[in-house]
Amino acid sequence: DRLKESKVYMRALFDYIPLEDKATPCQEAGLPFKRGDILQVVTQDDPTWWQAKRVGDSNLRAGLVPSKQFQERRLAYRMKMGTLPNPKSPKKPAYDQGCDKAGLRRSFRLSRKDRQGSSGEGSDPGDPDFLTYEEVTRYQQRPNERPRLVVLIGSLGARINELKQRVIAENPHRYAVAVPHTTRPKKPHEKDGVEYHFVTKQQFDADALNNKFIEHGEYKENQYGTSIEAIRSVQAKNKMCIVDVQPEALKRLRTAEFKPYVIFVKPRVPESRRRRSAATSPGGGEHGRITDEDLQEMRQSAIQIDQQYGHLVDRVLIKEDSASACAELRGILERLERESFWVPLCWVR
Ligand code: 5GP
């Protein structure tokens, strides 16, 4: 029966522990898995329990996993009973504001369309916000295809903008940023379309209304934003576009056109940079030292992003120092061009 090898692959969007599953017909036959694991679904004959193997697992025997439909139904029920937090009304997370110059608060006004069904109760089992499985396939970028979009998100203290700039500066012919729009006046040394696209407030507001930005925010009474078109124009030059965004923007960017590869940068603070008291400002003012309170906030921020957006992340990059994080990012980018990766099936069909 190995003649017909199943071609159905699912990325698990939740952790599954058969021994804790009261509904399973046989706990011992269950296949445990973690969010992010790729499952090869061997049969979907039963509407409630699929048989699956974990890709990369040496265990050849398939195990029972809840079907997508069944898992959705369970989640819908739990949400109705109030035992599942509603993913549509999450607590306000604390994101990385350390990646911008002090004082800038990025605000991300996504359109109503992007916050799918935000007015509803969210108990429709067909709702994409029910984290069950996502059907995936291997994808390798061909030489004649546009490079994939690389999206960096970071928790507090990750300084993803700096990381992005650094890796691009090393290889400007291969990687580039999307040139942002701004309403601030052009400085004498700046060129329109290079540092920024300089636009009037009127133009900016119109573009924002027309959903042209993946994100936009205000800084010192000027508007700044990155447009979808700016990403396209980098890709049109056959360069890999790297953007650093707040995680809210992910939904908007997860399209077949961009095929984003999402890297979540989490800082790790070495012992030598820790200090005990909170006498300095967060982010480590004095000699770049970081207090226990800062550390706690950084951890909390990483946990929140992981909970809310972890299922959209392809790769976690632990950043201890700028140089090694940059080298690791460079390695990832090189592999992206050479190797195949799992992507949602709907991106390639
Ligand atoms: P400057 O006016 O000095 O060039 O930039 C001021 C601030 O605007 C910087 O801290 C920069 O990070 C921020 N900024 C630049 N581009 C963008 C963007 O596309 N979106 C947002 N939200 N902020 C930006």
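Observations on the model:
- Within the set GLU170, GLU218, the sole residue that is more than 14 Å from the ligand (Cβ to nearest atom) and acidic (Asp, Glu) turns out to be GLU170.
- Scanning the stretch 210-234 for residues that are in a helix (DSSP H, G or I) and surrounded by fewer than 20 Cβ atoms within 10 Å (Cβ to Cβ) yields ILE228, GLU229, ARG232, SER233.
- Comparison of VAL136, VAL177, VAL194 shows that the only residue that is more than 16 Å from LEU336 (Cα to Cα), among the hydrophobic types (A, V, I, L, M, F, W, C) and free of Cβ contacts under 8 Å to residues at least 60 places away in the same chain is VAL194.
- Number of positions in the stretch 162-183 that are of a type outside the set (Gly, Ala, Ser) and either within 16 Å of ILE231 (Cβ to Cβ) or not in a helix (DSSP H, G or I) (or both): 13
- A Cβ distance below 7 Å, combined with a sequence gap of six or more or placement on separate chains, defines the contacts here; from the stretch 45-59, residues that are under 13 Å from GLY30 (Cα atoms) reach residues that are in a strand (DSSP E or B) and of a type in the set (Ser, Thr, Tyr) in the pairs TRP50/THR43; GLN51/THR43.
- With a requirement of 3 or more residues that are surrounded by fewer than 12 Cβ atoms within 10 Å (Cβ to Cβ) and not charged (D, E, K, R), none of the strands (runs of 3 or more DSSP E) lying completely within the stretch 1-74 satisfies it.
Quick note: the coordinates plus some simple rules give every number you see, no bench work behind them. Computed from a predicted structure; not experimentally measured. Heads up, the Cβs are rebuilt from the backbone with ideal geometry, glycines too, and the neighbour counts pull from every protein chain shown.
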